[in-house]
1. With just the Cα atoms of the stretch 183-232, tell me how far they stretch along each of the three principal axes, in Å, largest first.
2. Quick one: Cα centre-to-centre distance for the stretch 159-193 and the stretch 11-26, in angstrom?
3. Sort 136-142, 25-31 by packing, meaning the average of other beta carbons within 10 Å per residue, with the highest value first.
4. Taking only protein heavy atoms and a 1.4 Å probe, what accessible area per residue, in Å², does the stretch 47-107 have with all protein chains in place?
5. Would you mind getting the Kirkwood hydrodynamic radius of the stretch 129-217 from its Cα pairs, rounded to one decimal in Å?
6. With bins 10 Å wide starting at 0, give me the P(r) of the chain over every alpha carbon pair, in whole percents.
7. How many nm separate the modelled label positions at ILE230 and ALA166, each set 7 Å beyond the Cα in the direction of the Cβ?
8. Taking the stretch 178-232, which chymotrypsin sites (Phe, Trp or Tyr not before Pro) meet the DSSP loop condition and have no more than 11 other C-beta atoms within 10 Å?
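The values are calculated or read from the model by the stated rules, or taken from the named source; none is laboratory data. Quantities reported herein were computed from a predicted structural model and do not represent experimental measurements. Reconstructed Cβ throughout: ideal geometry from the backbone, glycine too, with neighbour counts over all protein chains shown. Note: accessible area is taken over every heavy atom of the protein model, side chains too, but ligands, DNA and RNA are not part of it. Shrake-Rupley method; radii C 1.70, N 1.55, O 1.52, S 1.80 Å.
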Amino acid sequence: EQLSTSYFPDKFWGLGKYTPDNAEEAYSFRQAYLYLHLKRKIAPQFFGGVVYESQKVWDINYVSGGLLDKASLPGMNGYFISGVGASLSLDSRNNAFAPDKGYFLQLFWNHFDKAWGSDCNYTNWVADFRTYIPITKSSVFALQYLNFSTQGAEVPLRSLAAFGGASKMRGYYEGRYRDKNQMFMQGEYRFPVYKFIHATVFGGVGSVASQWKDYSIADLKMSAGGGLQIGR
């Protein structure tokens, strides 16, 4: 569940996987966001869920005649979206917040429609698979595969797949690549260094595409890095 409101200066490089780094363009917006995902246990490790998501975006400031203006996306003068959906999940993790063994598989569908107040009609499909493999008593290897797909001609800017950020292909600015579809696989190895100091090394590979047929191995983006954490 999430409820937030924010003002955010952001960046836009255009749509698709071929946008150059020097195309960077600044824009800003205000938003109010609500996300509800209620789950019910159907069988051991098996859950069904219902989803509601809404977002109000306004005060969008961007360069006249620039990349974002020329992209001609729906709702560039402000918009409201409202989506209703469902999910199915298999979850054997030993801890939902800091797992070190088990797996998680979730299939997710959310439809935005003018019938329930949305300014835009489109549908999101998400397949999210994660597995956690203990390497030693105090270290674990985590692997994730995620496929995000959007169907429909009326997808506003903030609902497009946004490549990068803190949890998806770390090392890229969130939104460095945007399009209707995104697919990536990433893994990380977490291990202790000394007492309460822990380290993580990670890497990932993925891409965005306007259609499924546009994915190409030759166009895959890669990321890698590491970090330290102090605490239990």
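1. 49, 16, 10
2. Between the Cα centres of the stretch 159-193 and the stretch 11-26 lies a distance of 16 Å.
3. Details: 136-142: 13.1, 25-31: 15.7.
Order by mean packing, descending: 25-31, 136-142.
4. Working: 3060 Å² over 61 residues.
The answer is 50 Å² per residue.
5. Details: mean 1/r = 0.0685 Å⁻¹.
Roughly 14.6 Å, rounded to one decimal.
6. Here the calculated profile for the chain is 7, 27, 34, 24, 7, 1.
7. Taking the two extended label points, one gets 1.9 nm.
8. Working: sites: PHE184, TYR189, TYR194, PHE196, PHE202, TRP212, TYR215; in loops: PHE196, TYR215.
Sparse-neighbourhood loop chymotrypsin sites (Phe, Trp or Tyr not before Pro): PHE196.
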